[in-house]
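The values are calculated or read from the model by the stated rules, or taken from the named source; none is laboratory data. Bear in mind the structure is a predicted one, so any value in this text is a computation, not a measurement. So basically every Cβ, Gly included, is an ideal-geometry build from the backbone, and we count neighbours across all protein chains shown.
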Amino acid sequence: MTERPKPAKKSARSGPSSNRPQKRSGGKRYSQDRFSRKPRSDRRSGNYRKSDRQRPAKPVKRDRPEVAPVQAAVPTQSDPDTPQESPDMIFGRHAIKAALEGERTLNRLWINDRYRYDGRFLPLINDAKANGVVIDEVDQRRLTQLAQGQNHQGIIAQVAPYDYWELDALITQAKESTPRPVLLAADGITDPHNLGAIIRTAEALGAQGLIIPQRRAAGVTSTVAKVATGAIEHLPIARVVNLRQALETLKAENFWIYGLAAEANHSIHTVEFSSATVLVVGAEGSGLSLLVQQNCDEVVSIPLAGKTASLNASVATGMALYEIYRQQWTGRLNLNSLQKAK
């Protein structure tokens, strides 16, 4: 019996049969030639990727060119109502009057329009006009904006920066004013309110000048001038680079240097201030620096009876200066009594 020949198998790679139904997807017909088929070798090796129509390609990141930042345009003309030449401002009638009497340069004056013809401000305005000061009448809101929280009392002035004295000129002026001058040196006073109070107290008690360091210390600013209430116009102030070297210069001019410290063994009332004197005051907390204490002839303290360990720097300065001048006043009274007895 003869075997029937087997029919030849169709190749798997041959095209689709016309009798084979086409696949449906979402109610639409897709022909196979719309998809690009990869070779089997690529599919088996794992390099097969879906077509771009099924998975969009990721955009290529490109480095953006660096663009220089845009700078704001600098105005060529300043605002006439805002002080631009100097940030130093003084507030209140008394401080501005003292600045005019001390021949300090005033650049501009702002006054409340309601006080323009007030008898309290009229002499001050006339003096400012005579010195060529520009006067602006503004409302209360503008004054508050310029004062930035300070109590302006209806009038504000923009002044030139404080012109510090030279140390040699300060020493010469002190010696010429009295046979026993008293100078004050502030070591590291950073609080402008304390410095202003020290200046006010020193000028009121009759001191001949103040010496402050240039670094790590407060200078003469608008806040200092406000607290001093015009005393900076009558008390010479010198600003030195090195306070220790300034004390050595004062020693060469026959000044005795007394440092004020809470931990000192000698009380201030036991010391006799009979010659030219320099009182050195330190900041609160840190006190006098070690180098400054080494350049003092003697370190004295103010005896305290309460539980408070220390005093405010300006308060301690006032008490020490009063003791120095009390001894001078007592000596004058005794001398006058002896002269009358003869």
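Does the range 188-209 include one or more residues that are surrounded by 15 or more Cβ atoms within 10 Å (Cβ to Cβ), in contact with an Asp or Glu (Cβ under 7 Å, 6 or more places away or on another chain) and of a type outside the set (Ser, Thr, Tyr)?
No: the range 188-209 contains no residue that is surrounded by 15 or more Cβ atoms within 10 Å (Cβ to Cβ), in contact with an Asp or Glu (Cβ under 7 Å, 6 or more places away or on another chain) and of a type outside the set (Ser, Thr, Tyr).
Mind listing just one residue for me: the one in the range 288-332 that is in a loop (DSSP other than H, G, I, E, B) and within 26 Å of Lys251 (Cβ to Cβ) and, of those, farthest from the chain's Cα centre (by Cα)?
Among those residues, the one meeting the criterion is Asp297.
Scan (1) closer than 22 Å to Asn312 by Cβ; (2) at pLDDT below 95; (3) not aromatic (Phe, Trp, Tyr) for the single condition Ile211 breaks and write down its number.
Unmet for Ile211, out of (1) closer than 22 Å to Asn312 by Cβ; (2) at pLDDT below 95; (3) not aromatic (Phe, Trp, Tyr): (2).
For Glu298, state whether it is in contact (Cβ under 8 Å) with a residue 12 or more places away in the chain and touching a strand residue (DSSP E or B) at 6+ places or on another chain (Cβ under 7 Å).
Values: in contact (Cβ under 8 Å) with a residue 12 or more places away in the chain: yes; touching a strand residue (DSSP E or B) at 6+ places or on another chain (Cβ under 7 Å): yes.
In short, yes.
Among the residues of the range 119-151, how many are surrounded by 15 or more Cβ atoms within 10 Å (Cβ to Cβ) and part of a loop (DSSP other than H, G, I, E, B)?
So the answer is 3.
Please go through the range 269-284 and pick out each residue that is acidic (Asp, Glu) and either in contact (Cβ under 8 Å) with a residue 60 or more places away in the chain or closer than 25 Å to Ala197 by Cα (or both). Let's see the steps before the verdict.
Kept after step one, since they are acidic (Asp, Glu), are these residues of the range 269-284: 272, 284.
The one that is acidic (Asp, Glu) and either in contact (Cβ under 8 Å) with a residue 60 or more places away in the chain or closer than 25 Å to Ala197 by Cα (or both): Glu284.
Just for the range 300-332: of the residues that are β-branched (Val, Ile, Thr) and surrounded by 15 or more Cβ atoms within 10 Å (Cβ to Cβ), which one is nearest to Ala202 (Cα to Cα)?
Within the range 300-332, the subset β-branched (Val, Ile, Thr) is 300, 302, 308, 315, 317, 324, 330.
Those still in the list that are surrounded by 15 or more Cβ atoms within 10 Å (Cβ to Cβ) too: 300, 302, 315, 317, 324.
On the way: Val300: 18, Ile302: 17, Val315: 11, Thr317: 8, Ile324: 12 Å.
Step by step, filter the range 300-332, then rank; the result is Thr317.
So, in the range 87-118, how many residues would count as being closer than 18 Å to Thr229 by Cα and part of a loop (DSSP other than H, G, I, E, B)?
6
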